[in-house]
Structure formats: structure tokens, C-alpha cells
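Before anything else, here's the structure in question.
Values in this text are rule-based calculations from the coordinates and carry no lab data. What you see is a predicted model, and the numbers here were worked out from it, not measured in a lab. Every residue, glycine among them, receives a Cβ derived from its backbone with ideal geometry; neighbour counts consider all protein chains shown.
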């Protein structure tokens, strides 16, 4: 997992450096790369103006089975883009920006660019898709999105985790991996609640948790050794707490997993009869 995260940081830094060299970058970057022996395709662009700005960085798995690949891509980006037409749609978006700026050169005027954050008409967004875990059987991807409206105090942002089977393309959901016994679910939720207090150093009345069961929000991914739950800003604590990540080790979780589910089988093999 550390290798994956480190590799992503290097890739993001490379993209950021490119953007710093071209403040109004308009080109769509498409390149193939390898993460933990798995093939990925990068789609990236960034454009800025006094009217709107947008950054996209997609690192999507290049799975040989096209049907599986499309299923995974559509689950991640399908609400805005088509997996089959992604390159064309992104290029059209960049072209629209270029035409808009060509017709209105004042949109990239230095003075207007400096004042854009206080203009209530200004809007910007960033969208990143990156892997957090890659194995022979499963892949975990994180969908990060942020947006800003001119005049706001800060950006609004959050991350959603997805786990997919590389053989079928199906997404793994919370109900697939956790035992459905009510008492077991509660114990897992309460463990997350305890970790939240410990990690943040907050008193219970400082948290935004009215019901312990809300800790099981379905926003998770897993690795070889742990199940990680993610929470967006304001979900369980104040904005200053950021996005808490809470980790449950597989040894502790074993008794609370669905023994017929994918995570139990991945970690411990099939249940012995």
C-alpha cells in the first residue's frame, strides 16, 4: 500500500509541476503507466480563467477484459463521462475552454485572475481518481472531488472509496463484507467511534455523531491487512478535523465478517465446514 501511495504522490507532483509551468494549461494529457505491476491510463488536464477553472486527473485501470474495465470506469466516472468516449469528451471540454478564452481574452487577464476568488460568479473544481490498493484480485480506487464558489470561506471537498473485483468488475459493498448480525454491526461501529475519539482527541460532545451506527457509512476500502473507513468533512466532526481515516485490523475484524463474503475469503480463505 505504501508503494502505491508513494507512486501516486510522485505522479501528482509531476502533474502539478506541469501545471505550474503552464498556468493556463489547455492540453489533454493521456499516458499509460504501471502501479504495482498493474497497467493504468492517465487522463489529465487543467485550465484556469477568471470565470471558471477545472483540474482533472484520472488514473484508471487498464484491465484486459474490456467489459470489466468499462464496468469499473463507469462506476467511477459514469455520472459525467462515458467510459467508451472519455478521450473525445475530455478533448471537447478542453476545446470549449479554448474557444471561450479566445473569444474573451480578458478572462485570463492577470488582474482579473487575481480578483477571481472574491467574484461570486467564479467557480472552480478539481477531480482526482487514484488507486489506494492493487492486488491480483481486487482494486481500491478513491474518487476525490472539490469545488469552490467565489466569495466562499473555503473549498468544499470529499473522497469516496470504491473496491472492485478484478475478475467481474463488480463493486464490493459494506453488506457484502460485514456479518449482518445486529450486535456484530454495532460492535464494529462502536470500535470505529472509539478510534475516532482517540485519533482526533475530541470529547464525545465535540463529534457530529448522534448515532454510533452512522460510523458504518459504506465509504471504505481494504488492503492485505486492514479495513479503512473514510469520512468527508463535517460528516463526523468539524471541518478542521479534515477527513478522518479509521483502520480496523483483519485480526480484530475476523469474527465480524460475513464468512461467505469476499473480504473473509480474501483474508482467511473459504470457511472450513
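Projected area of the range 144-214, taken from the Cα convex hull and averaged over every viewing direction, in nm²?
Working: hull surface 30.6 nm².
The orientation-averaged projected area of the Cα hull of the range 144-214 comes to 7.6 nm².
Below 8 Å between Cα atoms, with a sequence gap of 6+, how large is the relative contact order for the range 174-268 in percent? Don't skip to the end; give the middle numbers.
Values: 113 pairs, mean separation 32.0, N = 95.
About 34 percent, as a whole number.
In square nanometres and to one decimal, what's the mean projected area of the convex hull around the Cα atoms of the chain?
Details: hull surface 66.1 nm².
Average projection, Cα convex hull of the chain: 16.5 nm².
Using alpha carbon centroids, what distance separates the range 47-81 and the range 169-233, in Å?
Measuring centre to centre over Cα atoms gives 27 Å.
Restricting attention to the alpha-carbon atoms of the range 174-268, what are Rg (one decimal) and Dmax (integer), both in Å?
13.2, 39
What number, rounded to the nearest 500 deg cm²/dmol, is the helix-based mean residue ellipticity at 222 nm of the chain, given -39500 (n - 2.57) per DSSP H run of at least four residues and division by all its residues? Show your work: numbers first, answer last.
On the way: 8 runs with 90 residues, N = 273.
Counting only the DSSP helices, I get -10000 deg cm²/dmol.
Determine, for 130, 142, 33, the number of other Cβ atoms within 10 Å of each Cβ, and report the residues in order from fewest to most. Could the numbers behind the result be given before it?
On the way: 130 23, 142 20, 33 13.
Ordered from fewest to most neighbouring Cβ atoms within 10 Å, 130, 142, 33 come out as 33, 142, 130.
If you don't mind, there's one more thing I want to ask. Taking the Cα atoms of the range 99-238, report the difference between the largest and smallest coordinate on each principal axis, in whole Å and largest first.
61, 45, 20
Fewest to most neighbouring Cβ within 10 Å: what's the order for 73, 267?
On the way: 73 23, 267 18.
Listed from fewest to most nearby Cβ atoms, that is 267, 73.
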